[in-house]
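The values are calculated or read from the model by the stated rules, or taken from the named source; none is laboratory data. What you see is a predicted model; the values in this text were computed from it and never measured. Here the Cβ is made from the backbone with ideal geometry for all residues, glycine too, and neighbour counts use every protein chain on show. Just so you know, the surface numbers come from the protein's heavy atoms only, side chains and all, with ligands and any DNA or RNA stripped out. Shrake-Rupley method; radii C 1.70, N 1.55, O 1.52, S 1.80 Å.
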Amino acid sequence: MEASTAIGWKATIYDTHVSATEANEKLLQAVTTKVDGIVLVGLDPQNIGSGLAAAKAAGIPVSCIACWGQDDADTKSKFLSVAPSEQVLTDLGRVSAEYAYQYTKGHPKFLAMNDTSLTNLKFRQNGFDKFVADCTSAGADCRVLANQNFQYANTFTTLPAQAASLAQAHPGFNAFWAGFDVAAPPIISGLTQAGLTSSGSFLVGSQGDGASEKLIASGGYQKATVAISWEWAAYGIIDNFNRQFSKGKPIDVTVPIRLFDKSNIAEAKDGTWDGDVDFRAAFKKIWNG
């Protein structure tokens with residue numbers, strides 16, 4: 001919304017309530033109102049085929065943030081622009097695992113939880129898995145005691161109990177890897193209620209959410225997060241629409257990430273890390289020509 005206003009456009013938000021059915025309905029509504037462009041946020045395209053087909057038939061360009069994998073598409077041409085890239089999302093999972101390796105002085109015994117049914121979270125899992133595989137093949141001491149999936153929709157309902165059960169079944173763990181920061185407080189809540197947070201273990205996550213950053217700053221159970229500038233991604237998406245509307249070609253949206261722990265958490269800006277660059281001014285300079 002901010003980027004749209006900055007470039008002088010009008011934007012409308014459609015809340016899909018994490019429902020594929022409602023997402024398709026909202027896409028059809030957007031097509032009916034003859035919008036110029038559509039941005040998906042956190043929606044997996046394979047679940048909203050009818051809405052995307054309607055947009056394509058109407059010639060309306062669609063972009064997405066945190067919702068697409070290049071190797072999962074039946075036709076990536078449906079999308080004008082994608083941000084962040086698959087590699088950036090993969091790096092979120094890898095870097096958080098690397099931190100756990102360093103924090104345990106090279107002896108992480110992981111418990112991992114994630115919702116791999118969501119594409120952008122699956123890539124983070126791929127990054128975690130790749131790190132563990134590389135670590136093991138190099139002869140280092142990296143172990144995954146358990147890797148359990150859960151549904152994003154249950155993050156604030158059944159996830160705390162799931163996390164506690166997983167930890168109770170594997171008492172030798174010392175590092176809990178969460179696929180995304182939203183899941184961190186519920187996981188920690190479950191572990192705390194079960195009396196499992198005083199054993200010297202800790203949690204790492206990714207995304208750079210404000211709640212997780214507060215936990216890190218206070219010396220809480222979560223020790224690190226890998227932040228990503230979602231606002232930068234959003235401005236990049238709008239920039240590519242502008243290029244398309246001006247008969248130009250979209251370009252790759254490069255979105256930075258950065259690891260934060262207690263040593264530098266003051267620079268994380270309470271969940272609004274901007275990539276340490278004034279990207280807003282840079283984009284506005286392009287748009288103002």
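Count Lys and Arg as plus one, Asp and Glu as minus one, and take only other residues whose Cβ is under 12 Å from that of Thr5; the net charge is then +2. Backbone N atoms of the range 175-218 closer than 17 Å to the 7 Å Cα→Cβ label point of Gln168 belong to residues 187-199. Our coupling estimate for the range 49-59, obtained by passing each phi through the Karplus curve with A = 6.51, B = -1.76, C = 1.60 and θ = phi - 60°, is x, 5, x, 5, 4, 5, 5, 5, 5, 8, x Hz, Gly and Pro reported as x. For the range 169-289, with the dipole built from +1 on Lys and Arg beta-carbon atoms and -1 on Asp and Glu ones, taken about the Cα centre, which of Pro250, Ile238, Thr192 lies farthest toward the positive end? The one lying farthest along the dipole's positive direction is Pro250. Computed from Cα positions, the angle between helix 119-137 and the longest principal axis of the chain comes to roughly 40 degrees.
The separation of the range 133-156 from the range 224-239, counted between C-alpha centres, amounts to 25 Å. The calculated 222 nm mean residue ellipticity attributable to helices in the chain amounts to -13000 deg cm²/dmol, summing -39500 (n - 2.57) over DSSP H runs of n ≥ 4 and dividing by all residues. Pairs spanning more than 18 Å between alpha-carbon atoms, out of Lys10/Lys34; Lys130/Lys214; Lys10/Lys247: Lys130/Lys214; Lys10/Lys247. The accessible surface of the chain, taken with every protein chain in place and a 1.4 Å probe, is 52 percent carbon and sulfur.
Legend: residues Glu22, Glu98, sorted from most to least accessible area (1.4 Å probe; ligands, DNA and RNA excluded), read Glu98, Glu22. Applying the Karplus relation 6.51 cos²θ - 1.76 cosθ + 1.60 with θ = phi - 60° to the range 180-189 yields 3J(HN,Hα) values of 7, 5, 4, 7, 4, x, x, 4, 5, 4 Hz, where x marks Gly and Pro.
When only the Cβ of Lys, Arg, Asp and Glu is charged (+1, +1, -1, -1), the dipole of the chain relative to its Cα centre reaches about 280 debye.
What's the ranking of 187-194, 13-20, 154-161 by average number of surrounding C-beta atoms within 10 Å, highest first?
Ranked by mean Cβ neighbours within 10 Å, highest first: 187-194, 154-161, 13-20.
Against the criterion of solvent-accessible heavy-atom surface with a 1.4 angstrom probe, Lys262, Lys34 sort, most first, into Lys34, Lys262.
Ser137 sits among other residues whose Cβ lies under 13 Å from its own Cβ, and their net charge, with Lys and Arg +1 and Asp and Glu -1, is -2. Using the Cβ of Ala20 as centre and a radius below 15 Å, the other residues enclosed give a net charge of -4, where K and R count +1 and D and E count -1. A Cβ-based charge dipole, computed about the Cα centre of the range 168-289 with Lys and Arg at +1 and Asp and Glu at -1, lands at about 320 debye.
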